[in-house]
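Structure record follows, encoded as structure tokens.
The values are calculated or read from the model by the stated rules, or taken from the named source; none is laboratory data. Since this is a predicted model, take the numbers as computed values, not measurements. As a convention, Cβ positions derive from the backbone with ideal geometry for all residues, glycine included, and neighbour counts pool all protein chains shown.
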Amino acid sequence: MKAAARPRRESGRRSLRESGIHLDLVRERAIVMHEELLSRIAQEQNERMYVLSIVAAIFLPLSFVTGLLGMNVGGLPGVDSQLGFAGSVVVMVAVAVGLIAFFRGRKWL
């Protein structure tokens with residue numbers, strides 16, 4: 001009976017070794033796929049941060065001009081003029097258009 005069981009045992013050992021090798025290959029593929037997924041997520045996050053940075057760069061000077069002209073102190077330019085508000089809007093639009101042109105010129109947009 002022992003002699004008859006020996007080939008089955010050897011076959012079982014061989015099958016177990018092959019299964020272990022196959023399992024290692026599957027594990028390595030899973031690690032590579034996980035790294036690829038993390039890389040794609042990082043790339044998408046970088047693209048979103050890029051867009052956020054561009055938007056912030058455009059609106060930061062506009063917020064500064066708005067804050068500067070919104071102070072309730074005397075001596076601000078355009079306070080006594082009828083066209084003061086329109087002038088400040090024109091300045092802010094010109095700054096926004098200038099920044100967008102600058103970013104497109106640098107191929108950032």
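Quick look at the values:
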read-out	value
Any chance Leu37 is more than 30 Å from Arg104 (Cα to Cα), under 24 Å from the mean Cα position of the chain (by Cα), modelled with pLDDT of 90 or more and surrounded by 10 or more Cβ atoms within 10 Å (Cβ to Cβ)	yes
Hits in segment 62-78 (condition: surrounded by 11 or more Cβ atoms within 10 Å (Cβ to Cβ) and out of contact with any Gly (no Cβ under 6 Å at 6 or more places or on another chain))	Leu62, Ser63, Phe64, Val65, Thr66, Leu68, Leu69, Leu76, Pro77
Residue pairs meeting the criteria (Cβ under 7 Å; at least 6 apart or on separate chains; first of a type in the set (S, T, N, Q), in segment 70-99; second assigned to a helix (DSSP H, G or I))	Ser88/Val65; Ser88/Leu69
